[in-house]
Amino acid sequence: PDGVPLHASATAAFGAAALLGLGISTGGRRRKAAVLRASRGLAMQQSSIKIVSLVPSFLKLAMLPHLRARVRAHATAEGTLDDLAGTDATPSASALAVEPTPFLSKKTLRLFILFFLWYVLNTAYNIGNKLVLTALPIPWTSATIELFFGLPYVGFLWITGLRIKPKLSIDNIKTLAPSAFFLAATHVGGVISFGAGAISFTHVLKATEPVWTVLLSAVFFKEFLPVPIYLSLVPIIGGVALASMKELSFTWVSFIAGTLSAVTSASKAILSKKVLDGKPLGENLTPGNMFAVLTILGCFMILPASLAIEGPAKISVAWSAARAAGYSAAHLWSLLGVSGFLYYIYNEVAFLALSEVAPVTHAVTNTVKRVVIILASVIVFKTKITLLGSVGSGLAIVGALLYSLAKGKYK
């Protein structure tokens, strides 16, 4: 501002930008001189030169708020803000020798670990669940067992005090019951679709969730969105249509169940936003406890339907067929146990990770996760996909990402 020249050194320019970011006025020769002396003094520090010379310009700008706070703290202690505002005094070296904030903070490292675990555990669950359904084609029973697995796991944590117990009233449980039902229905639909078709195709169908979110919001809440958001749905619909026509393992059971899973998932998201927001839900409902409560409630909700549809007789037939095919009892129980454990753990990790990031980050990471799972399942199970099927899958997933980004922009 006001024609203040920047020093030739990258460090000096960075130092001047940091000081100017404090909002210090540079009108007048004496204040300009103070800023220039500060920049030259900072440029003479070899350690700063080594660090800043390796930092890209866009990261320097991102670091300015951190540097600004640190410079202000030093300046307040030594009176350098007053000096720069109206005296000839040069800021002291201690006020300007500021160490940049580490790029890899504890929070960043924690999020990286959580997202890495989410991807790995989610991929492992999808593969493990498909192995269970290959051995035991009883998806309702498999889904119920996986939902039930959260009860002994989180019950142990609550009893031992390793995790604080949630406090819920009857009214709180009634309020959470619809969300629990939709969570369970989403899971059951996904498991049925996995068992009847390819994992990759199920995830393409799940990518249609934005379409159902928009449709349900318009029908039940009269909520209409800007045109760019509706346009982002076009590649989703076109991609799913193309993938369905060219899906080699296409079955109507897989298609209907996968689509219903997307519908119930959209319903749960709308319910959480429109109905639960602002209502008292109980005490100590951390992300982990919230998922535990919804999972336990959901398990007991679908248990009657599971017993009615498959029941002991059908389960016994499937178990005997698996044993005759060469599976040992220990192997079958281990498949069910590992699948249930992975389902619960990956969802809990996802709850923890996604509760700490912005919606755009949520959208991007969820899209990448879906791509990782599709690629992993294609490799592990040697799923055959046609070229047009691949294009359709890609269009649907990219469309889901565009929808999330557009929704964030026009929110």
Between residues in region 143-158 that are free of Cβ contacts under 8 Å to residues at least 60 places away in the same chain and residues that are open to solvent by 20 Å² or more (accessible area, probe 1.4 Å), which pairs lie under 7 Å by C-beta distance while being six or more apart or on different chains? 157/163; 158/165
When you scan region 231-258, how many residues do you find that are within 18 Å of residue 143 (Cβ to Cβ) and open to solvent by less than 30 Å² (accessible area, probe 1.4 Å)? 3
If you go through region 194-203 one residue at a time, do you hit one that is more than 25 Å from the chain's Cα centre (by Cα), in a helix (DSSP H, G or I) and surrounded by 20 or more Cβ atoms within 10 Å (Cβ to Cβ)? yes
Determine if region 94-103 includes at least one residue that is modelled with pLDDT of 50 or more and hydroxyl-bearing (Ser, Thr, Tyr). yes
In region 131-156, how many are in a loop (DSSP other than H, G, I, E, B) and modelled with pLDDT of 90 or more? 3
Please find, within region 157-186, the residue that is farthest from the chain's Cα centre (by Cα) out of those that are of a type in the set (Lys, Arg) and outside any helix (DSSP H, G or I). 167
All but one of (1) modelled with pLDDT of 95 or more; (2) under 20 Å from residue 119 (Cα atoms); (3) small (Gly, Ala, Ser) hold for residue 350, so report the exception by its number. (1)
Are any residues in region 308-336 closer than 15 Å to residue 138 by Cα and either of a type in the set (Lys, Arg) or without any contact (Cβ under 8 Å) to a residue 12 or more places away in the chain (or both), and if so, which ones? 308, 311, 312, 313, 314, 316, 317, 320, 321, 323, 333
Name the residues in region 358-387 that are assigned to a loop (DSSP other than H, G, I, E, B) and either without any contact (Cβ under 8 Å) to a residue 12 or more places away in the chain or within 22 Å of residue 110 (Cα to Cα) (or both), would you? 358, 382
Can you tell me which of 214, 275 is surrounded by 14 or more Cβ atoms within 10 Å (Cβ to Cβ) and either modelled with pLDDT under 95 or of a type in the set (A, V, I, L, M, F, W, C) (or both)? 214
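The values are calculated or read from the model by the stated rules, or taken from the named source; none is laboratory data. Treat the numbers as computed from the prediction; the structure is a model and nothing was measured. Virtual Cβ from ideal backbone geometry, glycine too; neighbours counted across all protein chains shown. Heads up: the accessible areas ignore ligands, DNA and RNA and are worked out on the full protein's heavy atoms, side chains in. Shrake-Rupley method; radii C 1.70, N 1.55, O 1.52, S 1.80 Å.
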